[in-house]
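Inspection log for the structure reproduced underneath, given as structure tokens.
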Amino acid sequence: MSETPQTLAKVTWQDPETDELREFVLEEGATAAIGRSPNNQIAIPERHVSRQHAVISYRDGVFVISDLGSANGTFVNDKKLADPFPLVSGDVIRLYVPLLSFSSIVTEEEHSHAKITGTLIVPARADGQPTLHITSGPQEGAEIPLLTPSIRIGRATRNATWDVSLQDRSVSRPHAEVTRQDDGGWAIIDLGSANGTVVNGVPAAAHEPQPIQDGTVLMLGETTMLFRLAD
């Protein structure tokens, strides 16, 4: 019998359509995107919830929640998030209207039940196909697969020579580059942009690689992106 992962968490919420209590279990290292779109790990079909509203990711031994530029905001214990927020057991997450409860207490029975029901959220593969999901901004909903080891991103212009063009006037020409590192991981490099690149709420130093992982939130100008690796 395989051992239960050391770090587990669960998120529960009441389905607004059926009133059914739903429960998701997160294993150590897992990322859970939350939003109205059905392709989220935790899909909440409620009109106040953005298509891609927030994300729970695992960083430095704790689960952290970040807003993804949602229209109505993400709240923890009734305080609106401005930056990534480390979650502790008993925290209440509010997506403007829907309430979700976070707990770090998960029984073996709950873990096994989540496996059976498909509500177990596991870490992405380190070698999974990376994708940038635009969660807010002029091109909200677009997905950009990273098919080459280096992708340059900049503002959409008639003579653009970069790989990804964003229709965002606050993005520079070019703005940043996402690259695969020698160890197989990924990083983003700000290319001296006028408005900077923000990684998980922290401004990145220009021309210095900033490591990114599954669940990293990036802000370029007025565009918010979520970096994901395929499960």
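Each reported figure results from applying straightforward, stated rules to the coordinates on display, with no laboratory input. The structure presented is a predicted model; accordingly, all values stated were derived computationally and were not measured. Using ideal geometry, Cβ is built from the backbone for each residue, glycine included, and neighbour counts are taken over all protein chains shown.
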Highest average packing first - 41-54, 216-229, 142-155, Cβ atoms within 10 Å: 216-229, 41-54, 142-155
Amide hydrogen neighbours beyond the local backbone of Thr216, cut-off 5 Å, H modeled: Phe227
DSSP bridge orientation in segment 119-188 - percent antiparallel, rounded to nearest 5: 75
Packing rank of 27-38, 173-184, where each peptide gets the mean count of other beta carbons within 10 Å, highest leading: 27-38, 173-184
Built amide H within the under 5 Å cut-off of Gln129, gap 5+: Ala230
Global form of the chain, assessed from the alpha-carbon gyration tensor, a/c cut-off 1.5: prolate
Global geometry of segment 85-157, whether rounded, prolate or oblate, following the gyration tensor of its Cα atoms and the 1.5 cut on a/c: oblate
Qualifying aspartates and glutamates (Cα of each under 17 Å from Cα of Lys10; at least 8 residues distant if same chain): Glu20, Glu23, Glu27, Glu28, Asp91, Glu108, Glu109, Glu110
Amide proton proximity set for Ala156, modelled H, under 5 Å, gap of 5+: Leu166, Gln167, Asp168
Table column - 3J(HN,Hα) (Hz), segment 35-48, Karplus curve with 6.51, -1.76, 1.60, x for Gly and Pro: x, 6, 5, x, 7, 6, 4, 10, 9, 10, x, 10, 5, 7
Karplus 3J(HN,Hα) series, Hz, for segment 90-95 with 6.51 cos²θ - 1.76 cosθ + 1.60 (x for Gly, Pro): x, 5, 10, 9, 10, 9
With Cα atoms, 0 to 90° folded angle of helix 108-117 axis to the chain main axis: 60
